[in-house]
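The values are calculated or read from the model by the stated rules, or taken from the named source; none is laboratory data. Computed from a predicted structure; not experimentally measured. So basically every Cβ, Gly included, is an ideal-geometry build from the backbone, and we count neighbours across all protein chains shown. Side chains included, ligands, DNA and RNA excluded: accessible areas come from the protein's heavy atoms. Shrake-Rupley method; radii C 1.70, N 1.55, O 1.52, S 1.80 Å.
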Amino acid sequence: EKGGFEHFMLKEIYEQPRSIKDCMRGRIYPSEGKVQLGGIKEFAEKLKNIDRIIIVACGTSWHAGLVGEYLIEEYARIPVEVEYASEFRYRNPIITEKDVVIAISQSGETADTMAAIEMAKERGATIFGICNVAGASIPRLTHAGVYTHAGPEIGVASTKAFTAQVTVLTLMAFYMAQQRGTITESKMIELLTELDHIPEKIQKALESDKLIKEVAEKIKDSRNCLFLGRGSGFPVALEGALKLKEISYIHAEGYPAAEMKHGPIALIDEEMPVVFIATQNSSYEKVISNIQEVKARKGKVIAIVTEGDTEVKKMADYCIEIPDANEAFLPLLATIPLQLLSYHIAVLRGCNIDQPRNLAKSVTVE
Ligand code: F6R
């Protein structure tokens, strides 16, 4: 049942080229520059006039929401707020009929996310779901939705469900952009053509597995670990830190790279590994200066870089390459090595990979 893999988590990490493909099947038409999302089709007109999107979710799904915020604001130009379902539901949030709430949940059973949906629904918002489990409670509570189609996820630490959620959010961002006319057809053709090839690039990213295992050997005894990124690399950093905490029990924090100097920099010494998302995109130069700040304090730098990078290689202790891609697709690729890194560290520490202590696959208590 683990398909020759030692753990479900590893199997699910390796399934990602396929699960992303499944998630996009029948939804993207690269040569025409069109996205079709049957699940939210009846709201196509409504999407032209909405004022705001509120994304509600927990844990890893909340991280996917943060990536969604970048994409929707960038392409569809709709203001987005991303909320922890557990916080949102206990406030007295301002919600109107012109709001769309997107609830993201792998299991479709998370109690806080369900309660957030119910509250927003009572106040007149339109609710979309992004779920992995067909027929679960959340898809039944929402007005419309888009399934992630990642297949059953058994490992408690979410991997393929996360990248599928990010894929659906990417498709939603493009779909909304198409409806609202905030993107040209030629730009859509360009983006969708590239998106269509992302599964192959994920495959390529998986090929660094052996190198990542070597890096894991070097940092496995650390007590703390910092993950830093900027732009859409920031939610990737948060997700990398969460994966590491969950399965290896190493204390890890994700931070926006520029925020480091406002506090966390005090933690840096030769004992502190710092994982940077340092790919070549709009924040590349800025991230490089953040790496210099860490190196000046003798931190150990592990960098996720674009294939062929030479700048970061001069400074970092270890570099893990991912294929070059449009910034929009960076989270899908940069997440892969971080999943593998936490996996190998946890294996080396003898942890229970698929069932980490104190965690459950779906959190049905509030
Ligand atoms: C992390 C993880 C949890 C879930 C969270 C939400 O690896 O699995 O943080 O992401 O409990 O669960 P869902 O997406 O099922 O609502």
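Gln280 meets all of the listed conditions (1) in a loop (DSSP other than H, G, I, E, B); (2) away from the ligand (no atom under 16 Å from the Cβ); (3) under 30 Å from His7 (Cα atoms) but one, namely (3). Inclusion of Pro356 among residues that are in contact (Cβ under 8 Å) with a residue 40 or more places away in the chain and surrounded by fewer than 20 Cβ atoms within 10 Å (Cβ to Cβ) is warranted. Residues of the range 312-340 that are more than 20 Å from Leu66 (Cβ to Cβ) and either of a type in the set (A, V, I, L, M) or surrounded by 17 or more Cβ atoms within 10 Å (Cβ to Cβ) (or both): Val312, Met315, Ala316, Tyr318, Cys319, Ile320, Glu321, Pro323, Leu340. Return the residues of the range 39-56 that are assigned to a loop (DSSP other than H, G, I, E, B) and among the small types (Gly, Ala, Ser); say none if nothing qualifies. Ala44 - this is the single residue of the range 39-56 that is assigned to a loop (DSSP other than H, G, I, E, B) and among the small types (Gly, Ala, Ser).
Filtering Ala150, Ala164 for residues that are within 23 Å of Val80 (Cα to Cα) and of a type in the set (A, V, I, L, M, F, W, C) leaves a single hit, Ala164. Quick check: is even one residue across the range 214-235 acidic (Asp, Glu), within 14 Å of the ligand (Cβ to nearest atom), over 24 Å from Phe329 (Cα atoms) and open to solvent by 30 Å² or more (accessible area, probe 1.4 Å)? No, that holds for no residue. Can you name every residue in the range 271-304 that is in contact with a Ser or Thr (Cβ under 9 Å, 6 or more places away or on another chain), of a type in the set (A, V, I, L, M, F, W, C) and more than 21 Å from Lys220 (Cα to Cα)? If the condition is that a residue be in contact with a Ser or Thr (Cβ under 9 Å, 6 or more places away or on another chain), of a type in the set (A, V, I, L, M, F, W, C) and more than 21 Å from Lys220 (Cα to Cα), then Ala278, Val287 are the ones that fit. The set of residues in the range 275-311 that are open to solvent by 40 Å² or more (accessible area, probe 1.4 Å), among the polar types (S, T, N, Q) and touching a residue at least 24 places away in the same chain (Cβ under 8 Å) comprises Gln280, Ser282. Just one of the listed residues (Gly33, Gly26) is farther than 26 Å from Pro235 by Cα, free of Cβ contacts under 8 Å to residues at least 24 places away in the same chain and away from the ligand (no atom under 16 Å from the Cβ), and it is Gly26.
Per the listing Lys361, Lys300, Lys286, Lys313, the residue uniquely among the basic types (Lys, Arg) and within 16 Å of the ligand (Cβ to nearest atom) is Lys361. Out of the residues in the range 1-45 meeting the condition of being modelled with pLDDT of 95 or more and basic (Lys, Arg), tell me which one is surrounded by the fewest Cβ atoms within 10 Å (Cβ to Cβ). Step by step, filter the range 1-45, then rank; the result is Arg25. Give the range 247-269 a look and list any residue that's part of a helix (DSSP H, G or I) and surrounded by fewer than 24 Cβ atoms within 10 Å (Cβ to Cβ), or say none. If the condition is that a residue be part of a helix (DSSP H, G or I) and surrounded by fewer than 24 Cβ atoms within 10 Å (Cβ to Cβ), then Ala258, Glu259, Met260, Lys261, His262, Pro264, Ile265, Ala266, Leu267 are the ones that fit. Those strands (runs of 3 or more DSSP E) of the range 57-154 in which 2 or more residues are in contact (Cβ under 8 Å) with a residue 12 or more places away in the chain and surrounded by fewer than 23 Cβ atoms within 10 Å (Cβ to Cβ) occupy 80-84, 126-131, 144-147.
From the list Leu338, Leu330, the lone residue that is under 30 Å from Glu74 (Cβ atoms) and touching a helix residue (DSSP H, G or I) at 6+ places or on another chain (Cβ under 6 Å) is Leu338. For Val365, the conditions (1) farther than 29 Å from Arg18 by Cα; (2) open to solvent by less than 60 Å² (accessible area, probe 1.4 Å); (3) aliphatic (A, V, I, L, M); (4) in a loop (DSSP other than H, G, I, E, B) are fulfilled apart from (2). Which of (1) open to solvent by 40 Å² or more (accessible area, probe 1.4 Å); (2) under 24 Å from Cys351 (Cβ atoms); (3) away from the ligand (no atom under 16 Å from the Cβ) does Met272 not meet, given it meets every other one? So Met272 meets the others, but not (1).
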